[in-house]
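> Take a look at this one; I'll ask things after.
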Amino acid sequence: MPRIKSPHLLVAESGADRAGHGLKRTMGLFHLICFGVGAIVGTGIFVGLSDSVGEAGPAVVVSFVLAAITCVFTAFAFAELGGAIPVSGSSYSFAYAGLGETTAFLVGWCLLLEYGVSVSAVAVGWSQYVNELLDSLIGLQLPGALSAGPGDGGVINLPAVIVIALACVLLVRGVRESARATAAMAVLKLAVLVAFCAIGFTAFKDGNLTPFSPAGLGGIGAGTTAAFFSYIGFDAITTAGEEAKNPRRHIPIAILVCIGLVTLLYCAVALAAIGAIGGDAVGGRPAALSYVVNEVTGSTAGGAVVAFGAVVAIASVVLAVMYGQTRILMSMSRDGLVPRVFEKVSPRTATPVAGTLIVGAVFALPAAFAPLDAVVNLCTIGTLATMAAVNVAVIALRRREPDLERTFRVPLYPVMPLLGVGFCLYLMYETGVTTWLQFAVFLAAGLVLYVLYGRRNSRLARGGLTPDDAAERVPQAV
């Protein structure tokens with residue numbers, strides 16, 4: 001029998017339904033929506049758009065919609081479970097309640113990959129736009145040796161390290177400060193993207209959308225896989241379950257609002273960019289949005305504004321995703337599956353300071369030195385696997401815990417979660433055989449770690465706390 005932790009025990013252990021449990025409830029609905037936008041909108045649209053357009057051409061709009069549909073099915077699942085189990089562990093905790101400890105550990109292992117690769121990749125993208133901004137403002141760029149890793153012809157990507165360090169500083173100061181910074185950055189980057197659309201559509205030409213799908217259905221499929229990376233991060237909203245003021249009500253709303261808002265924004269930006277200068281000019285071009293504005297306006301001033309928006313946008317992704325990673329590790333640490341240092345909360349700042357600094361140091365290394373293109377597909381397949389697991393967990397918990405309090409229910413159950421699994425499997429298939437082999441090796445390594453450490457140190461196996469016992473626990477402080 002799998003080791004399954006009941007939703008009631010998860011909530012009781014986290015203290016999610018009582019005050020004074022270490023983390024502070026400071027995030028309202030607006031902050032949660034901004035947090036979601038902050039986690040999603042960044043490198044995927046400012047940097048990755050050119051890759052998606054290179055695969056699908058103008059049909060990238062269809063790719064964005066298909067990627068969004070995949071996310072919507074799973075967003076319903078996250079909304080149901082995020083409202084029913086409002087804890088910091090996100091997919092990991094949902095899998096623990098629905099599918100058992102082994103699967104939960106592997107889901108947590110995949111989340112380390114998802115958040116680790118995405119933060120590092122985002123930080124590298126931030127470096128590109130810092131150079132674009134400096135070039136627009138003063139006509140200079142950082143030396144290549146200090147703005148790219150060895151795989152890209154440099155020595156160290158210093159800006160990538162700096163943005164991760166700045167995120168660490170904000171995160172250890174407190175969640176209120178982080179939430180305010182994320183909200184301000186989210187509003188700013190949305191304003192920049194709306195302004196980009198306004199500029200791009202002034203130069204819109206129907207002829208730039210033909211041929212609409214130069215690579216056919218295969219190009220749309222490949223573009224969908226590339227576009228999916230642009231949506232990674234919406235699940236981070238559920239990691240705020242213990243710091244949201246009304247998580248059972250607000251988390252489902254925030255998830256669904258974010259997916260809808262981001263999809264409309266992505267499609268509008270893609271149409272504006274391609275309609276203005278054509279798919280061939282956008283595809284494969286670094287800092288494509290700045291280039292589009294410069295071409296349309298005939299000046300570098302507009303491109304500088306877009307570059308500034310990208311610098312802010314990408315920094316907010318680093319902040320939001322690192323926040324989510326530290327909270328997932330905190331949940332895993334509570335369960336004994338990773339070292340206890342990650343569950344320690346500072347009584348002064350009410351944040352996991354030690355865990356945040358460790359995560360920052362680990363994420364900074366690949367951002368500074370490693371070429372990340374080779375593992376972006378691995379990150380994508382790992383994310384899709386966790387999303388599929390969450391959809392299955394919805395079905396499992398509906399059967400095992402029919403009376404669980406659910407403030408939101410997946411519509412058209414069980415069709416929606418089954419479609420969510422199907423779409424995830426399709427996009428996983430599109431990543432290719434090499435990525436599947438890498439993923440199999442990655443999962444095998446995670447299983448070895450679980451057997452050697454997690455299974456032996458699991459608190460569920462050693463003690464079997466009841467919800468009443470867990471409610472008496474006082475979180476460790478540093």
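> Please go through region 260-316 and pick out each residue that is assigned to a helix (DSSP H, G or I), under 13 Å from Y129 (Cα atoms) and of a type in the set (A, V, I, L, M).
Start the filter on region 260-316 by keeping residues that are assigned to a helix (DSSP H, G or I), which leaves 260-277, 279-282, 288-297, 301-316.
Okay, now just the ones that are also under 13 Å from Y129 (Cα atoms), so 288-291, 303-315.
Within region 260-316, A288, L289, A304, V305, V306, A307, A310, V311, V312, A313, I314, A315 qualify.
> In the list A236, A254, A307, which residue meets the criterion of being crowded, with 24+ Cβ neighbours inside 10 Å, under 23 Å from L170 (Cα atoms), at pLDDT 80 or above and under 18 Å from the mean Cα position of the chain (by Cα)? Step through it out loud before you land on a result.
Numbers: A236 fails: at pLDDT 80 or above; A307 fails: under 18 Å from the mean Cα position of the chain (by Cα).
Testing whether each residue is crowded, with 24+ Cβ neighbours inside 10 Å, under 23 Å from L170 (Cα atoms), at pLDDT 80 or above and under 18 Å from the mean Cα position of the chain (by Cα) leaves just A254.
> Could you tell me whether region 174-185 includes any residue that is within 15 Å of A307 (Cα to Cα), modelled with pLDDT under 85 and under 25 Å from the mean Cα position of the chain (by Cα)? So that I can check it myself, show each step before the final result.
So the first thing to find is which residues in region 174-185 are within 15 Å of A307 (Cα to Cα), and the list is 185.
Subset that is modelled with pLDDT under 85: 185.
Those still in the list that are under 25 Å from the mean Cα position of the chain (by Cα) too: 185.
Scanning region 174-185, I find at least one residue that is within 15 Å of A307 (Cα to Cα), modelled with pLDDT under 85 and under 25 Å from the mean Cα position of the chain (by Cα), so the answer is yes.
> Just one of G98, G82, G57, G48 is closer than 21 Å to V311 by Cα and of a type outside the set (D, E); which is it?
Details: G98 fails: closer than 21 Å to V311 by Cα; G82 fails: closer than 21 Å to V311 by Cα; G57 fails: closer than 21 Å to V311 by Cα.
The conditions single out G48.
> Restricting to region 399-432, count the residues that are out of contact with any Pro (no Cβ under 8 Å at 6 or more places or on another chain) and not in a helix (DSSP H, G or I).
Kept after step one, since they are out of contact with any Pro (no Cβ under 8 Å at 6 or more places or on another chain), are these residues of region 399-432: 399-400, 402-403, 405-406, 409, 411-432.
Pick out the ones that are also not in a helix (DSSP H, G or I) and you get 402-403, 405-406, 409, 411-414, 431-432.
The total comes to 11.
> A follow-up question, please. Go through region 128-149 residue by residue and tally those that are among the hydrophobic types (A, V, I, L, M, F, W, C), in a helix (DSSP H, G or I) and touching a residue at least 12 places away in the same chain (Cβ under 8 Å). Give the steps one after another, and end with the answer.
Initially, region 128-149 is screened for residues among the hydrophobic types (A, V, I, L, M, F, W, C), giving 130, 133-134, 137-138, 140, 142, 145-146, 148.
Within this subset, residues satisfying the condition of being in a helix (DSSP H, G or I) are 130, 133-134, 137-138, 145-146.
Still in the list and also touching a residue at least 12 places away in the same chain (Cβ under 8 Å): 130, 133, 137, 146.
The total comes to 4.
> What number goes with the only condition from (1) polar (S, T, N, Q); (2) over 30 Å from A354 (Cβ atoms); (3) crowded, with 21+ Cβ neighbours inside 10 Å that N157 does not pass?
If we test N157 against (1) polar (S, T, N, Q); (2) over 30 Å from A354 (Cβ atoms); (3) crowded, with 21+ Cβ neighbours inside 10 Å, just (2) comes out false.
> Ok, one more. Among the residues of region 405-416 satisfying the criterion of being surrounded by 18 or more Cβ atoms within 10 Å (Cβ to Cβ) and out of contact with any Asp or Glu (no Cβ under 8 Å at 6 or more places or on another chain), which is nearest to F228 (Cα to Cα)? Quick ask: steps written out before the conclusion?
Residues of region 405-416 surrounded by 18 or more Cβ atoms within 10 Å (Cβ to Cβ): 406-408, 410, 416.
Cutting the leftovers down to out of contact with any Asp or Glu (no Cβ under 8 Å at 6 or more places or on another chain) gives us 407, 416.
Working: T407: 28, M416: 19 Å.
Ranking the candidates gives M416 first.
> Now for a separate question. Could you grab me the full set of residues in region 280-294 that are surrounded by fewer than 24 Cβ atoms within 10 Å (Cβ to Cβ), over 29 Å from A181 (Cα atoms) and either within 27 Å of the chain's Cα centre (by Cα) or in contact (Cβ under 8 Å) with a residue 40 or more places away in the chain (or both)?
G283, G284, R285
> Quick one: G420 ticks every box in (1) crowded, with 18+ Cβ neighbours inside 10 Å; (2) closer than 23 Å to V375 by Cβ bar one, so which box is it?
G420 satisfies all of (1) crowded, with 18+ Cβ neighbours inside 10 Å; (2) closer than 23 Å to V375 by Cβ except (2).
> Identify, by number, the condition in (1) in a helix (DSSP H, G or I); (2) in contact (Cβ under 8 Å) with a residue 40 or more places away in the chain that E177 doesn't meet.
For E177, the failing item is (2).
> Restricting attention to region 177-199, does a residue exist that is surrounded by fewer than 17 Cβ atoms within 10 Å (Cβ to Cβ), among the aliphatic types (A, V, I, L, M) and within 15 Å of V282 (Cα to Cα)?
Checking region 177-199: not a single residue is surrounded by fewer than 17 Cβ atoms within 10 Å (Cβ to Cβ), among the aliphatic types (A, V, I, L, M) and within 15 Å of V282 (Cα to Cα).
> How do the pairs read when you match residues in region 191-209 that are of a type in the set (S, T, Y) with residues anywhere that are in a helix (DSSP H, G or I), using Cβ under 7 Å and keeping only pairs 6 or more apart or on different chains?
Partner pairs satisfying both residue conditions: T202/V296.
> For region 369-389, does any single residue satisfy the condition of being free of Cβ contacts under 8 Å to residues at least 60 places away in the same chain, farther than 20 Å from G108 by Cβ and small (G, A, S)?
For region 369-389, residues free of Cβ contacts under 8 Å to residues at least 60 places away in the same chain, farther than 20 Å from G108 by Cβ and small (G, A, S): present.
> Which ones in region 450-478 are at pLDDT 85 or above and touching a Leu at 6+ places or on another chain (Cβ under 9 Å)? Break it down into steps so the answer makes sense when it comes.
Restricting attention to region 450-478, the residues satisfying the condition of being at pLDDT 85 or above are 450-459.
Scanning region 450-478 gives Y450, Y453, G454, R455, N457, S458, R459.
> Exactly one condition in (1) crowded, with 23+ Cβ neighbours inside 10 Å; (2) out of contact with any Ser or Thr (no Cβ under 7 Å at 6 or more places or on another chain); (3) closer than 29 Å to P86 by Cα is false for F46; which is it?
Looking at each condition in turn, F46 falls short on (3).
The values are calculated or read from the model by the stated rules, or taken from the named source; none is laboratory data. Fair warning: this is a prediction, and the values are worked out from it, not measured in the lab. All Cβ positions, glycine included, derive from the backbone under ideal geometry; neighbour counts span all protein chains shown.
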